[in-house]
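Structure first, then comments.
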Amino acid sequence: MSPSDEQRRARLERLRGEVVGVVALAAVIGLIEQVGWDVIQAHEERLVRHALERLARIPGLTVYGQPQEYDLGNRLGVLSFNLQGLHHALVAAILSYEGGIGVRSGCFCAHPYMLCLLNVDEREAAKVQREILGRDRSHVPGAVRASVGMYNDESDIDALGDCLTMIAAGQQRGQYEMHPETGTYVPAGQVPPPFERYFDLEALLGPG
């Protein structure tokens, strides 16, 4: 039995979505080989050391993971943190809108570990799950995550530290609103961008 036109189209759609990713992967592998893994690792260790020292000076900020005095060679260039009294999504939004700094917030696809790390008990976790099923993500626990790589330098770390210091002092310029359905904060009066449409080939290419 030969495949239908719809089946052929679905197969091609899946392949088309991976072409850019394959090309990007090849380019990154070539760059790593050109620069050298040892050089990249040393650069990331230097940035992480600088970041840990800078973030340690911010009042109310907790960094998760190994502290500075441990072997940085066993720590990736990833820093997860929270600011006392502030929702992780709010901190991420202010960093983005006012600092131009891209971070991620939430549980990072590691929900069981994050619940343990943040001391969220089973009763509270079940309550949040019920709220999510009711399309309310406003109380989802989590943290903020910033990553560094070979494309960053110390000035990027300083910009992150300066913006977090501003947030910790309550000196952000804008007012932000939580959108419960997405669990994100946006400047007052705005609506969250429709991110799901950015990856919808049907919407981008149209029918046919």
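Sorted largest first, the spans of the alpha carbon positions of the range 36-205 along the three principal axes are 46, 44, 36 Å. Take the Cα of LEU25, step 7 Å toward its Cβ, do the same at LEU86, and the gap between the two points is 3.7 nm.
What's the extension gain from SER147 to GLU6 if we count 0.36 nm per residue and subtract their Cα-Cα distance? Could the numbers behind the result be given before it?
Working: separation 141, 0.36 × 141 = 50.76 nm, distance 4.09 nm.
Answer, rounded to one decimal: 46.7 nm.
Distance between the 7 Å Cα→Cβ label points at GLN66 and ASP38: 2.0 nm. Under the shape rule built on the C-alpha gyration tensor, where the axes satisfy a ≥ b ≥ c, the range 69-124 is oblate, since a/c reaches at least 1.5 while a/b does not exceed b/c. Karplus-based coupling profile of the range 130-138, in residue order and whole Hz: 5, 5, 4, 4, x, 6, 10, 10, 5, with θ = phi - 60° in 6.51 cos²θ - 1.76 cosθ + 1.60 and x standing for Gly or Pro. Dipole size of the range 87-173 about its Cα centre, with +1 on Lys/Arg Cβ and -1 on Asp/Glu Cβ: approximately 500 debye, rounded to the nearest 20. Taken about its Cα centre, the range 36-205 carries a charge dipole of roughly 380 debye when the Cβ of each Lys and Arg holds +1 and the Cβ of each Asp and Glu holds -1. Between GLU131 and TYR113, the contour length at 0.36 nm per residue exceeds the Cα-Cα span by 4.5 nm. Per-residue 3J(HN,Hα) values for the range 183-189, derived from phi via the Karplus relation 6.51 cos²θ - 1.76 cosθ + 1.60 with θ = phi - 60°, read x, 10, 9, 9, x, 3, x Hz in sequence order (x marks Gly and Pro). For the range 139-161, backbone nitrogen atoms closer than 16 Å to the point 7 Å from ARG57 Cα along Cα-to-C-beta are found at 154-161.
Every read-out reported here was derived from the displayed coordinates using simple, explicitly stated rules and does not represent laboratory data. What you are looking at is a predicted structure, and each value in this text was computed from that prediction instead of being measured. As a convention, Cβ positions derive from the backbone with ideal geometry for all residues, glycine included, and neighbour counts pool all protein chains shown.
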